[in-house]
1. Tell me which residues come under 5 Å, amide H to amide H, from F52 once H is placed; ignore anything under 5 positions away on its chain.
2. Distances longer than 11 Å among the Cα atoms of region 73-121: what percent of all pairs is that?
3. Let me know the whole percent of all Cα-Cα pairs from region 3-71 that are separated by more than 14 Å.
4. Looking at the chain, which longest stretch skips every one of the GluC sites (Glu not before Pro) that is in a DSSP loop with at most 11 other Cβ atoms within 10 Å, leaving the sites themselves out?
5. Between E152 and S92, how high is the FRET efficiency from 1/(1 + (r/R0)^6) when r is the Cβ-Cβ distance and R₀ = 45 Å? Nearest 0.05.
6. Ignoring any ligand, DNA or RNA, what whole percent of the accessible area of the chain comes from carbon and sulfur when the probe is 1.4 angstrom?
7. Calculate one ³J(HN,Hα) per residue across region 31-43 by plugging θ = phi - 60° into the Karplus curve 6.51 cos²θ - 1.76 cosθ + 1.60, and present them in order as whole Hz with x for glycine and proline.
8. State the percent of C-alpha pairs, over all pairs in region 130-175, separated by a distance greater than 13 angstrom.
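The values are calculated or read from the model by the stated rules, or taken from the named source; none is laboratory data. For clarity, every value in this text was computed on a predicted model and none was experimentally measured. No Cβ is skipped: glycine too gets one built from the backbone with ideal geometry, and neighbour counts run over all protein chains shown. Surface accessibility is based on the protein's heavy atoms, side chains included, excluding ligands, DNA and RNA. Shrake-Rupley method; radii C 1.70, N 1.55, O 1.52, S 1.80 Å.
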Amino acid sequence: MTMPRGWSYRYVGPAELRELVRPDREGQGIRSAADFDERISARTAEELAEPFTFVVDRTGILRLSPRRREHVVCAGGQAVLGVGEISFRKESGQWAIDEVSNHSTGYCPDAGSWPAVAEALDRAGIARRPGFTHEVLFRRCPSCRQLSIVREQDFVCVFCDEALPREWNVDRLGH
């Protein structure tokens, strides 16, 4: 199931991580190619060597933070349209995506969040792929209510061995 356009995801992770949210710690907004060039050129080679934490906020803006910053902090505690980890490389003089995933155990987004991520990347002037390079499937077990990552298409809860739904069911916040 692909989530409807404009679908947002709220934070479903540990409460203690939400307590880390501060207005001065949210991710840097990337509204254009000029924004991206300015932000990325200020990074060291070591910083560029590892992925960034990213969110696409509810206005469609890409926000980047250092990898070790929690997604909920990058998002300022707000719901998001997309979320994951991303790395970049220079390709023919232009910035491009090296790797991009929807991996966030705090938001557990559906893989159908890609269109929101793609639009934010296009706005930022970053060459992209047609989808996530690493797609994570999150499901909530209907029996024990635990969150699980589906591995190798094995839709079975790792906590109680019950069947997991084929469709994303973590948290239906809506538009």
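1. Residues meeting the amide H criterion: I86, S87.
2. 71 percent
3. 67 percent
4. Values: sites that count: E19, E152, E167.
Within the chain, the longest run free of exposed GluC sites (Glu not before Pro) spans 20-151.
5. Efficiency for this residue pair is about 0.80.
6. Working: 4140 of 9070 Å².
That share works out to 46 percent.
7. Result, ordered by residue: 9, 7, 5, 5, 4, 4, 4, 5, 5, 6, 5, 7, 8 Hz.
8. Details: 542 of 1035 pairs.
So the pairs more than 13 Å apart make up 52 percent of the total in region 130-175.
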